[in-house]
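Report on one structure; see the data block that follows.
The values are calculated or read from the model by the stated rules, or taken from the named source; none is laboratory data. As the structure is a prediction and not an experimental result, all values here were calculated from the model. So basically every Cβ, Gly included, is an ideal-geometry build from the backbone, and we count neighbours across all protein chains shown. The accessibility values were calculated without ligands, DNA or RNA, using every heavy atom of the protein model including side chains. Shrake-Rupley method; radii C 1.70, N 1.55, O 1.52, S 1.80 Å.
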Amino acid sequence: METLLLTTSEEDIEKAASILKCGGLVGMPTETVYGLAADALNGSAVSSVFKAKGRPADNPLIVHISETADIERFSLVREFPESAKKLAANFWPGPLTMILPKGDNIPDEVTAGLDSVAIRLPSHEGARALIKAADTPLAAPSANLSGSPSPTTAQHVLDDLAGRIGAVIDGGDCEVGLESTVITLCSTPPTLLRPGKVTLEELREVLGEVALSSAVLEKLSDTEEAPSPGMKYRHYAPKAKVYLLKASDEKFRDFINTNAADSVAALCYESDIPHLNAKCLSLGEKGNYDEEAQKLFAALREIDTIPDITTVYARCPGTEGVGMAIYNRLIRAAGFEVTELE
Ligand code: TXA
Ligand code: MG
């Protein structure tokens with residue numbers, strides 16, 4: 001199959017929408033990461049998303065809508081509680097996904113058999129135009145091959161999925177760069193399952209009490225059940241081995257310079273670069289978590305394009321604000337190990 005590269009022009013959005021209406025798959029830009037979209041109400045189209053990505057069948061997808069009213073229009077949920085309405089009013093359109101009791105209209109393929117469904121209203125104009133033109137909610141996981149870093153450019157989508165999907169719409173570099181925040185409203189209190197640009201602090205300001213799933217900052221033990229199936233998989237990992245180093249500027253730089261070799265790269269801040277004798281990938285200005293989030297996945301992908309790199313030493317962010325989302329992705333890339341340099 002030839003994968004069309006489309007723009008966000010009206011004509012191209014119509015082309016992409018017709019692919020979706022025929023049960024095909026389209027790479028869709030969003031403000032977080034690119035998604036791999038299918039008609040959420042067509043079970044066989046949704047199944048082909050799992051095949052194209054090599055995604056485990058027990059990992060459910062997010063349903064994307066173009067306005068809050070779509071929830072009722074397409075009977076997506078059994079219940080739309082007051083707490084969800086508050087979150088929608090504060091954070092939609094935007095990088096927040098809510099887990100709600102599943103409506104009967106949603107095929108089991110979307111939710112991997114769960115009784116709940118994940119819903120998100122993205123702010124990217126290209127995404128919303130596509131959902132409107134397709135006239136159906138779109139089920140979309142991140143548009144990467146399962147296990148690799150999520151795509152933040154149309155080229156990343158082609159690198160992983162060219163030949164396997166009908167089209168990708170180039171909507172530019174993703175502004176946020178990390179996947180949406182996922183919160184479940186099916187628990188009391190609501191629980192943060194995946195941190196993102198909408199922070200735990202912001203959710204608490206709106207809802208009061210919000211619990212933090214233990215899987216956000218740590219590895220689940222083998223006997224614990226994942227509250228969100230996606231959290232149990234190794235993820236976001238380049239082929240090179242990633243080590244996450246918790247250290248002061250000085251300790252980090254000393255460590256890199258002591259261990260420098262052709263096979264070693266540093267995932268670091270701009271201010272580290274003049275002090276390091278190793279290949280460096282910059283995550284921007286230290287302390288600017290928005291910039292770090294935006295750059296992280298492209299940097300993880302770039303590592304695999306540099307010949308001979310087998311080891312990556314990465315700086316460990318804090319867990320406040322958007323730092324929690326970056327930390328959550330990096331511990332998965334690093335196989336859940338953090339090394340503290342004393
Ligand atoms: O920003 C995003 O959320 C992107 C863009 C494309 O919207 N999408 C995305 O999808 O990241 P994906 O499939 O890579 O991640 C969805 C996460 C997974 O961890 C999945 O397990 C969880 O949401 N999830 C989906 N439905 C769920 C449910 N009913 N209950 C618990 N977790 C659910
Ligand atoms: Mg994903």
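Remark: pairs (first residue in the range 109-120, closer than 12 Å to Val63 by Cβ; second residue small (Gly, Ala, Ser) and in a strand (DSSP E or B); Cβ separation under 6 Å; 6+ apart in sequence or on different chains) = Val110/Ala139.
Under the condition of being in contact with a Ser or Thr (Cβ under 6 Å, 6 or more places away or on another chain) and surrounded by 24 or more Cβ atoms within 10 Å (Cβ to Cβ), the residues counted in the range 154-166 number 1. None of Gly177, Gly166, Gly171 is within 13 Å of the chain's Cα centre (by Cα) and either small (Gly, Ala, Ser) or under 30 Å from Met1 (Cα atoms) (or both) except Gly177.
When Leu114, Leu36, Leu87, Leu96 are checked against the criterion of being at pLDDT 95 or above, assigned by TED's automatic domain parsing to the domain that holds Thr181 and within 30 Å of Met1 (Cα to Cα), a single residue qualifies: Leu36. If we keep just the residues of the range 192-228 that are under 21 Å from Pro151 (Cβ atoms) and open to solvent by 20 Å² or more (accessible area, probe 1.4 Å), which is farthest from the chain's Cα centre (by Cα)? If we take residues in the range 192-228 being under 21 Å from Pro151 (Cβ atoms) and open to solvent by 20 Å² or more (accessible area, probe 1.4 Å), then Ser228 is farthest from the chain's Cα centre (by Cα). Within the range 154-186, the residues that satisfy the criterion of being within 12 Å of ligand 1 (Cβ to nearest atom) and assigned to a strand (DSSP E or B) are Thr181, Val182, Ile183, Thr184.
Looking at this structure, is Leu130 at pLDDT 95 or above, buried (at least 23 other Cβ atoms within 10 Å of the Cβ), away from ligand 2 (no atom under 16 Å from the Cβ) and not in a strand (DSSP E or B)? Yes, satisfied.
In the range 84-100, the residues that are open to solvent by less than 10 Å² (accessible area, probe 1.4 Å) form Cβ pairs under 8 Å with partners that are acidic (Asp, Glu) and within 16 Å of ligand 2 (Cβ to nearest atom), at six or more places apart or across chains, as follows: Gly94/Glu31. Cβ-Cβ below 7 Å, separation at least six or inter-chain, first residue in the range 254-282 and within 20 Å of Glu340 (Cα to Cα), second open to solvent by 60 Å² or more (accessible area, probe 1.4 Å): which pairs? Filtered contacts from the range 254-282: Asn257/Asn277; Ala260/Asn277; Ala265/Lys279; Tyr269/Glu285; Tyr269/Lys286. So, Asp170, is that one charged (D, E, K, R), under 15 Å from Pro29 (Cβ atoms) and more than 16 Å from ligand 2 (Cβ to nearest atom) or not? Here the answer is yes, as Asp170 does meet what is asked.
So is Leu145 under 22 Å from Asn328 (Cα atoms) and open to solvent by 40 Å² or more (accessible area, probe 1.4 Å) or not? It is true that Leu145 is under 22 Å from Asn328 (Cα atoms) and open to solvent by 40 Å² or more (accessible area, probe 1.4 Å).
Among the numbered conditions (1) more than 16 Å from Asp249 (Cβ to Cβ); (2) part of a loop (DSSP other than H, G, I, E, B), the only one that Arg329 does not meet is (2). Of the strands (runs of 3 or more DSSP E) lying entirely inside the range 19-83, those containing at least 3 residues that are within 17 Å of Thr111 (Cβ to Cβ) span 35-39, 62-64. Leu200 - would you say it is aliphatic (A, V, I, L, M) and away from ligand 1 (no atom under 15 Å from the Cβ)? Yes, satisfied. Comparison of Pro151, Pro189 shows that the only residue that is assigned to a loop (DSSP other than H, G, I, E, B) and open to solvent by less than 10 Å² (accessible area, probe 1.4 Å) is Pro151. Within the span defined as the range 307-330, one or more residues are over 28 Å from Glu218 (Cβ atoms), open to solvent by 40 Å² or more (accessible area, probe 1.4 Å), outside the structural domain of Ser148 (by TED's automatic domain parsing) and at pLDDT below 95. If only residues of the range 59-78 that are open to solvent by 50 Å² or more (accessible area, probe 1.4 Å), in contact with a Leu (Cβ under 9 Å, 6 or more places away or on another chain) and not basic (Lys, Arg) are counted, the one that is nearest to Gly103 (Cα to Cα) is Thr68. Of the residues making up the range 16-51, those that are away from ligand 1 (no atom under 14 Å from the Cβ) and surrounded by 18 or more Cβ atoms within 10 Å (Cβ to Cβ) are Ala16, Ala17, Ile19, Leu20, Gly24, Asp39, Leu41, Asn42, Ala45, Ser48.
Out of the range 133-148, which residues are part of a strand (DSSP E or B) and farther than 15 Å from Lys21 by Cα? Of everything in the range 133-148, just one residue is part of a strand (DSSP E or B) and farther than 15 Å from Lys21 by Cα, namely Ser142.
In the set Ser66, Ser146, Ser123, only one residue is in contact with a Lys or Arg (Cβ under 6 Å, 6 or more places away or on another chain), away from ligand 2 (no atom under 16 Å from the Cβ) and touching a residue at least 40 places away in the same chain (Cβ under 8 Å); that residue is Ser66.
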